[in-house]
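Data block below; observations after.
The values are calculated or read from the model by the stated rules, or taken from the named source; none is laboratory data. This structure is a prediction, so every number in the text was calculated from the model and none was measured. In this analysis, Cβ positions are derived from the backbone assuming ideal geometry, glycine residues included, and neighbour counts consider all displayed protein chains. Side chains are part of the model used for accessible areas, which takes the heavy atoms of the whole protein and leaves out ligands, DNA and RNA. Shrake-Rupley method; radii C 1.70, N 1.55, O 1.52, S 1.80 Å.
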Amino acid sequence: MAALQHFNPGTIVEWKLERSPGKSEYIFNYVFWAFKLAIDGFPHCRPVISIEDTHVYGKYDIKLLIVVAVDANGQIFPLAFAFCDNASQETWMLFLNHLKEHVVKQCSEICLISDRHCGILSSVENLPSWQEPYAKSLE
């Protein structure tokens, strides 16, 4: 992530680590990142974002959280990503908070599209920055 920030100045990276009990080691829980170009480009996109998670198969059993928008040409515009150990309400809340703080910022009336995962729904319900009038919920 340090190399990512070095070669892409302005890229945002947020970590969540836990200290191992009785050890000087840390346990990875979550990392969020958004490229500077995505942050700068979001105001020129449609006010509709789509959020999803997927499994990352391999040595570690982790999830990749992704949020994308649609640009003026109708093309998919990746906004932010996160790796986490599981897609729980806590990680969705972290992800949505970081997304609002670093990417969406003061944009109002954002339409959020998701698969209605219970963690996403409860996070949106509990985060004032994702409730009306800042975001719209379509049933």
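Screening the stretch 5-19 for residues that are open to solvent by less than 60 Å² (accessible area, probe 1.4 Å) and assigned to a strand (DSSP E or B) and picking the one that is modelled with the lowest pLDDT gives K16.
Take F77 and tell me if it is within 19 Å of L4 (Cβ to Cβ) and either assigned to a loop (DSSP other than H, G, I, E, B) or out of contact with any helix residue (DSSP H, G or I) (no Cβ under 9 Å at 6 or more places or on another chain) (or both). So F77 fails the test.
Looking at (1) in contact (Cβ under 8 Å) with a residue 60 or more places away in the chain; (2) surrounded by 16 or more Cβ atoms within 10 Å (Cβ to Cβ); (3) more than 16 Å from the chain's Cα centre (by Cα), which is the only condition C45 fails? Condition not satisfied by C45: (1).
Look at the stretch 50-65: where a residue is under 18 Å from I113 (Cβ atoms) and a partner is polar (S, T, N, Q) and part of a strand (DSSP E or B), sitting 6+ places away or on another chain with Cβ atoms under 6 Å, you get L64/T54. Selection over the stretch 115-138 of residues that are assigned to a loop (DSSP other than H, G, I, E, B), modelled with pLDDT of 75 or more and open to solvent by 40 Å² or more (accessible area, probe 1.4 Å) gives a count of 1. Per the conditions (1) surrounded by fewer than 11 Cβ atoms within 10 Å (Cβ to Cβ); (2) part of a strand (DSSP E or B), the sole criterion not satisfied by V67 is (1).
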